[in-house]
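In what follows, a single structure is set out as C-alpha cells and then discussed.
Nothing in this text is a laboratory measurement; each read-out follows from the coordinates by a stated rule. What you see is a predicted model, and the numbers here were worked out from it, not measured in a lab. Please note: Cβ atoms are built from the backbone with ideal geometry, for glycine as well, and neighbour counts cover all protein chains shown.
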Amino acid sequence: MSRYNRKRKISGKEYLYRVTVLVAMIAILAIFLPKGGYNKYEYKIGEPWDDAQVIAQDSFPVYKSEAQLKRERDSLSKYYEPYFEYDKSVYEKHAVEFKNAFRNLSAEGVPPYYLPHLLEKLKYLYLQGIIDAQDYDVLLKEDTRQIWLFENNESQPRHVKQLYTPKTAYEYMMAEEDSLRFNHGRLMRCGLEKYIQPNLIYDAEKSMQQRQEIDAQLVPYIGQVQVNQKLVDHGQIVDEYTYCVLQSLERFQKTRSLSNKEKLLQLAGQVTYIGIMMILLLFYFEQFRSDYLASPRYVMLVVSQCLIFPLVTYSFMSHSFMSVYVIPYCILPIFMRVFMDSRTAFIAHTVTILLCAVSLHHPYEFIVTQLVAGLVAIYSLRQLSQRSELVRAAALVTIASLLTYFCIELIHGSPYSTNGFDKWTYIFILLAGVLSLLSYTLLMPIERIFGFTSNVTLVELSNINNDVLRRLSEEAPGTFQHSMQVANLAAEVANSIGAKSQLVRTGALYHDIGKLENPAFFTENQSSANPHDNLPYEQSAQIIIQHVKNGLRLADKYRLPSVIKGFISTHHGRSLAKYFYVSFKNDYPEKEIDERLFTYPGPNPTTLEQAILMMADSIEAASRSLSEYTEESLNTMVDRIIDDQVVSGYFTQCPISFLEIADAKEAFKTKLRTMYHTRIQYPELSGQVTKP
C-alpha cells in the first residue's frame with residue numbers, strides 16, 4: 001500500500017462533500033460545452049474518404065462550390081450596367097460663367113470668335129458626359145462596357161468609351177486641328193479647366209437593383225439529395241461533385257435547428273461523457289492518492305485547473321476566437337508537478353485534455369499534441385526552483401509540440417495536399433510556448449490562494465539574509481549554527497530516501513527560531529553561567545518547551561508559510577524535555593511528577609520530511625555531547641536515538657517505513673563520520689634543513 005493512500009473510514013459528510021464537488025463540476029462543464037454541434041468531416045478533393053459510409057438523414061439541396069459560383073458571377077458581370085444621373089445644370093452653370101469671364105479675355109488679346117467655338121466644344125463634352133475619374137477607373141476595372149444615363153425618368157445607354165473624365169475633357173478642349181486660328185497659348189489663357197466638372201453622378205440605388213436582378217439569374221445549387229441517399233462510401237475518391245455534396249451537408253446541418261429530442265440526447269451524451277471523465281479522476285485519487293482527497297486545498301487546486309482550461313476551450317470554440325492551440329495547456333501539468341506529484345499531474349492533464357477535445361471538430365491531432373506536451377513538461381520540470389528551469393521546460397514543450405504536430409501532418413500527407421502548409425497552427429503553438437512562461441508569475445497567487453509552498457519560495461526562504469535568519473545569527477549564534485548543521489544533515493537524509501530535500505532544509509533553518517525570545521537559556525548560546533542553575537526543574541522545562549510556541553508566534557509575525565510552521569511545531573513532537581525530567585526524578589524520587597509540565601505540545605510528525613527533521617535535530621544536538629567521535633560512538637548514538645523515537649511512537653502518524661528508517665540511519669552515520677572525521681596531525685621539523 002502506498003504511504004499516501006492509507007485506507008480509512010469515510011464519514012457521511014466527506015461523501016457528501018465529494019459528491020457535491022463532482023456534480024458541480026459536471027454541471028458547470030455541461031452548461032458551457034458548445035451546443036448544437038454537427039458532424040465535421042475532414043476531406044479533400046482527389047483523396048479517399050477515410051470515414052464510414054454517410055447516408056443522408058434529410059433531403060437538402062447541393063450547392064455549387066465557391067469557385068464555381070465565382071466563375072459564374074464573373075461571366076454574368078459583363079451584363080452589369082450601372083446607372084448614372086445626368087445633370088444638365090452643370091453645363092448651363094459653367095457656360096454662363098465662361099461667357100462672363102470671356103469679356104476680360106478679349107481685352108487680353110483672345111479674339112471674339114473663340115467664344116462660340118469653345119462653347120460648342122464645351123456643350124459637346126457635357127452632352128457626351130463627364131464622369132469622375134475614380135468612377136471611370138471602377139468601370140474599367142470591372143470591364144463594364146455600357147452604362148445607363150438617367151434623366152427625368154428616362155434612361156438611355158451610353159458606351160463607356162464615349163465618356164470623358166475631367167482630364168480627357170480638358171485635353172479635348174485644348175486640341176485643335178486649325179492651330180493657326182486657335183493658338184495654343186491663347187487657349188491656355190482661357191483657363192478652361194475651371195469650367196470642366198463631372199455631370200454624371202453615380203446612382204447607387206438603381207445600380208444595386210440592377211445588380212440584384214442579374215445576380216438573381218445565378219442558380220446557387222446543382223442538384224438535390226433525397227432522404228436515405230448514399231452520399232459517400234468508405235475508400236471512395238472525393239471528386240468535385242462529392243465535395244459539393246459534403247459541403248452542402250455541413251451547411252444544412254449548421255442551419256438546421258435540433259429538435260427537443262435531439263437536444264435532450266445531445267445533453268445526455270455530454271453529461272455522461274463529462275461524468276465518465278470526472279469519475280475516472282475521482283477513482284484515481286481514491287485508489288492512489290486518498291491523502292489529496294482529505295485536503296480541501298488540493299481538491300480545490302485540481303478542480304480549478306480541470307475547470308479553467310475546458311471552459312476557456314469551450315469559449316474559444318463557441319465564439320470562433322483564434323485557435324485552441326494558442327492556449328498554454330502545459331501550465332496545468334507544471335502546476336500539478338510543482339505542488340503535487342508527477343503521476344497526478346499526468347492523470348489530471350489527460351482528463352483535462354479529453355474534456356477539452358470533446359468540443360473540437362478534429363480532436364485527434366489536438367489530443368496527441370497536448371498529451372506529448374504534458375509529458376515533456378512533467379519530465380523536464382522535476383522541481384521548479386529557478387527561472388531558467390521553466391524557460392528550458394517551455395522550450396522543450398514547444399519543440400515537442402511542433403515536432404508532434406508536424407509528424408501527424410506528415411503521416412496524413414497534409415503538407416503535400418492542395419490546401420498547402422498550415423503555418424498558422426505552428427505559429428499558435430509557438431505563442432502557447434511563450435504564454436506557458438506565465439506559470440512562473442502565477443506561482444505566487446496560487447500559493448496565496450491555496451496555501452501551497454513551491455520550491456521557488458523555499459529557495460528564497462533559505463537565504464540567510466532574510467530578516468528572521470539574520471536576526472537568529474546575530475542574537476542566537478549557537479542556535480543558528482545548530483540549525484545550519486541540522487539542515488545539512490536532514491537534506492542529506494532526504495536525498496537518500498527520496499524525500500523533498502529543499503523542503504526539509506528550509507524547515508530545519510527555521511525550526512528553532514523560537515529560541516530568539518530567550519537565547520541565553522539554551523546551552524548552545526551560553527558562554528558563562530547557566531541561568532537554569534537557579535530555577536526549579538519544572539520552570540526550566542517550561543522555558544525550554546516554550547520555544548515551540550514562541551517559534552509559531554514569530555512565524556506568524558514574519559508571515560512564514562504553514563508548511564514551515566509544521567516543522568516548528570513537530571520537531572520535538574510530544575516528547576519530553578528529558579534533561580529536566582530525568583533530573584527531577586533523580587532528585588525527587590518520592591514526589592509524584594506531572595509529565596505534562598515536561599512534555600512538548602506537539603503534535604508528532606505527520607509527513608516524511610517532518611520525521612527526518614525530528615531525527616536530525618535530536619542527533620545533531622546529541623552529537624555535541626559526545627566525549628569522543630569514533631565510528632562506534634557515532635553509530636551507537638544514531639541507533640539509540642532513532643530506535644527510542646520509534647519505540648516512543650513519534651512516527652506512527654507519518655508515512656515512513658522501516659526500510660526508510662534503516663536507510664536514514666545509514667545516511668546519518670555516513671554524514672556524521674564526514675563531519676567529525678579525525679584530522680591528520682601535521683609533523684614538525686626535527687632538525688635544521690640545509691639548503692643545497
### Most to least packed among 83-90, 244-251, 657-664, 68-75 [average Cβ atoms within 10 Å]
244-251, 83-90, 657-664, 68-75
### Message
Could you tell me how far the Cα centroid of the stretch 148-215 sits from the Cα centroid of the stretch 517-558, in Å?
### Response
107
### Message
Let's test the formula: R0 of 35 Å, r as the Cβ-Cβ distance of Leu403 and Ser290. What FRET efficiency results, to the nearest 0.05?
### Response
0.40
### Task
Could you give me the percent of Cα pairs per 10 Å distance bin for the chain, shortest bin first, beginning at zero and ending with the bin that holds the maximum distance?
2, 10, 14, 13, 11, 10, 9, 8, 7, 6, 5, 3, 2, 1, 0, 0
### Summary
To the nearest 20 debye, the stretch 464-675 has a Cα-centred charge dipole, built from +1 on Lys and Arg Cβ and -1 on Asp and Glu Cβ, of 680
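Taking 0.36 nm per intervening residue step and subtracting the Cα-Cα distance, what contour gain separates Lys254 from Val312 on full extension? Write out the running numbers ahead of the final one.
Details: separation 58, 0.36 × 58 = 20.88 nm, distance 2.27 nm.
Stretched fully, the Lys254-Val312 segment lengthens by 18.6 nm.
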### Query
Taking a label point 7 Å from the Cα of Ile201 along the Cα→Cβ vector, which residues of the stretch 66-95 have an amide N closer than 13 Å to it?
84-91
### Summary
Note on the chain: contact order normalised by length, alpha-carbon pairs under 8 Å, 6 or more apart, percent, works out to 12
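With r as the distance between the Cβ atoms of Leu119 and Tyr364 and R0 = 60 Å, compute the FRET efficiency 1/(1 + (r/R0)^6) and round to 0.05. Walk me through the intermediate numbers first.
Working: r = 79 Å, r/R0 = 1.32.
Calculated transfer efficiency: 0.15.
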### Task
With a point put 7 Å past each Cα toward its Cβ, work out how far Leu180 is from Ser388 in nm, to one decimal.
9.7
#### Entry: Whole-number D in µm²/s for the stretch 76-215 (Stokes-Einstein; Kirkwood sum over Cα pairs; 25 °C, 0.890 mPa s)
149
### Message
Just to be sure I understand the curve: with the Debye formula and one point per C-alpha of the stretch 143-191, what is log10 I(q)/I(0) at q = 0.18, 0.19, 0.28 Å⁻¹?
### Response
-0.71, -0.74, -1.04
### Task
Can you tell me how much longer the chain between Glu474 and Tyr426 gets when fully stretched, taken as 0.36 nm per residue apart minus their C-alpha distance, in nm with one decimal?
11.6 nm
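What FRET efficiency comes out for Gln217 versus Glu97 if R0 is 35 angstrom and r is the Cβ-Cβ distance? Round to the nearest 0.05. Don't skip to the end; give the middle numbers.
Working: r = 46 Å, r/R0 = 1.33.
Using R0 = 35 Å, I get an efficiency of 0.15.
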### Summary
For Thr636 and Thr606, extending 7 Å from Cα along the Cα-Cβ vector and measuring point to point gives, in nm, a value of 3.9
### More than 18 angstrom apart: percent of Cα pairs within the stretch 190-301
78
### Query
Given only helices, namely DSSP H runs of n ≥ 4 each adding -39500 (n - 2.57), what is the per-residue ellipticity at 222 nm of the chain, to the nearest 500 deg cm²/dmol?
-19000 deg cm²/dmol
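Relative to the present Cα-Cα distance, how much length would full extension add between Asn104 and Asn228 at 0.36 nm per residue of separation? Display every interim value, and only then the final one.
Values: separation 124, 0.36 × 124 = 44.64 nm, distance 8.76 nm.
Here the segment from Asn104 to Asn228 would lengthen by 35.9 nm.
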### Task
May I ask you to derive the relative contact order of the stretch 464-675, considering only C-alpha pairs under 8 Å and at least 6 residues apart, and to give it as an integer percent?
22
#### Entry: Spherically averaged projected area in nm², based on the convex hull that wraps the Cα atoms of the stretch 495-569
6.3
### Summary
In debye to the nearest 20, the charge dipole size for the chain, taken about the Cα centre with +1 at each Lys and Arg Cβ and -1 at each Asp and Glu Cβ, equals 680
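Can you give me the convex hull volume of the Cα atoms of the stretch 464-675, divided per residue and expressed in Å³? It would help to have the intermediate numbers written out before the result.
On the way: hull volume 26.8 nm³, N = 212.
Dividing the Cα hull volume of the stretch 464-675 by its residue count gives 127 Å³.
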## Note on the structure
One would report the antiparallel percent of DSSP beta bridges in the chain, rounded to the nearest 5, as 75
### Task
Along Cα→Cβ, 7 Å out, is where each label goes; now give me the distance between the ones at Gln539 and Arg343 in nm to one decimal.
5.5
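Would you mind working out the magnitude of the charge dipole of the stretch 76-215 relative to its Cα centre, with +1 at each Lys and Arg C-beta and -1 at each Asp and Glu C-beta, to the nearest 20 Debye?
Numbers: 18 positive and 23 negative charges, 119 e Å.
In debye, rounded to 20, the stretch 76-215 gives about 580.
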